[in-house]
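*Asks:* This structure is in structure tokens; I'll ask about it shortly.
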Amino acid sequence: EVQLLESGGGMVQPGGSLRLSCVSSGFIFNNYGMSWVRQAPGKGLEWVSYISGSGGSTYYADSVKGRFAISRDKSKSTVYLQINNLRAGDTAVYYCAKNEAAPGHHNWFDTWGQGTLVTVSS
Amino acid sequence: IQLTQSPSSLSASVGDRVTITCRASQTISNYVNWYQQKPGNAPKLLIYSASTLQGGVPSRFSGSGSGSDFTLTISSLQPEDVATYYCQQSYINLYTFGQGTKVDIK
């Protein structure tokens, strides 16, 4: 069974930093891209970042570019999201998602973790 | 690429046919996926590549469309379908979601 388990969320002051982790199991980790998607309280879904299976390609939403960094560790089957210079607008549940792809631009999130809550408040 | 869903919310009776639309700000071929999110839960993939049903998803869900207009249809609404539904595009590597459509039972 494919499983994703996020951790690392919590309450942090504006300007602070956190590192979120997502441990994967049930699939060949290196074969799949991974993404982070967030959801502010009572709001919709916002894609944040993507990393390819090899780790060689990364993409970021404009809203987080320069402040967030995605990475992955093959030996631990884990993807990370380093979030810096946190703002109140970053308060959200952060979901880790496994990307599935097909030839062309077909790319979808076929498995999601349960999410980890990040609260930015003074 | 912006995705605009309509309506933002709807209320329908059990057994009704429900249609949700998703319009893209530019043509995106069939690079659209649909997700269901029940309250308190993570999203769940329903349909990918505009019309392919994800394994295990009931056949009352279907998707269609190409270019810039896409549709998610529930052929016979069931109580367990109460949720918010999102479309998502993968035409460019800056993936975006629609704002969501909340579905409940009348």
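The values are calculated or read from the model by the stated rules, or taken from the named source; none is laboratory data. Because the structure is a prediction, the values reported are computed rather than measured. Cβ atoms come from the backbone with ideal geometry, glycine included; neighbour counts cover every protein chain shown. In case anyone asks, the SASA skips ligands and DNA or RNA and just uses the protein heavy atoms, side chains included. Shrake-Rupley method; radii C 1.70, N 1.55, O 1.52, S 1.80 Å.
*Asks:* Contact list please: Cβ distance under 6 Å, first residue in the range B:61-77 and without any contact (Cβ under 8 Å) to a residue 24 or more places away in the chain, second residue open to solvent by 30 Å² or more (accessible area, probe 1.4 Å), pairs at least six apart or on different chains.
*Replies:* Close Cβ pairs satisfying both conditions: B:64/B:51; B:64/B:71.
*Asks:* Looking only at the range B:68-106, filter to residues that are in contact with a Ser or Thr (Cβ under 6 Å, 6 or more places away or on another chain) and away from every other protein chain (no Cβ under 14 Å); which one of those is least open to solvent (accessible area, probe 1.4 Å)?
*Replies:* The extreme case among them is B:73.
*Asks:* Identify the residue in the range A:85-102 that is in contact (Cβ under 8 Å) with a residue 60 or more places away in the chain, part of a loop (DSSP other than H, G, I, E, B) and in contact with a strand residue (DSSP E or B) (Cβ under 7 Å, 6 or more places away or on another chain) and, among all such residues, is farthest from residue A:28 (Cα to Cα).
*Replies:* A:87
*Asks:* Still on this model: Might you let me know whether the range B:46-57 holds any residue that is under 18 Å from residue A:113 (Cα atoms), without any contact (Cβ under 8 Å) to a residue 24 or more places away in the chain and touching a strand residue (DSSP E or B) at 6+ places or on another chain (Cβ under 8 Å)?
*Replies:* yes
*Asks:* Identify all residues within the range A:1-48 that are open to solvent by less than 60 Å² (accessible area, probe 1.4 Å), at positive phi and within 14 Å of chain B (Cβ to nearest Cβ); write none if there are none.
*Replies:* Hits for the range A:1-48: nothing passes.
*Asks:* One residue is enough: does the range B:8-31 have a residue meeting the conditions at the interface with chain A (Cβ under 10 Å from one of its Cβ atoms), in a strand (DSSP E or B) and touching a residue at least 40 places away in the same chain (Cβ under 8 Å)?
*Replies:* No, the conditions are met nowhere in the range B:8-31.
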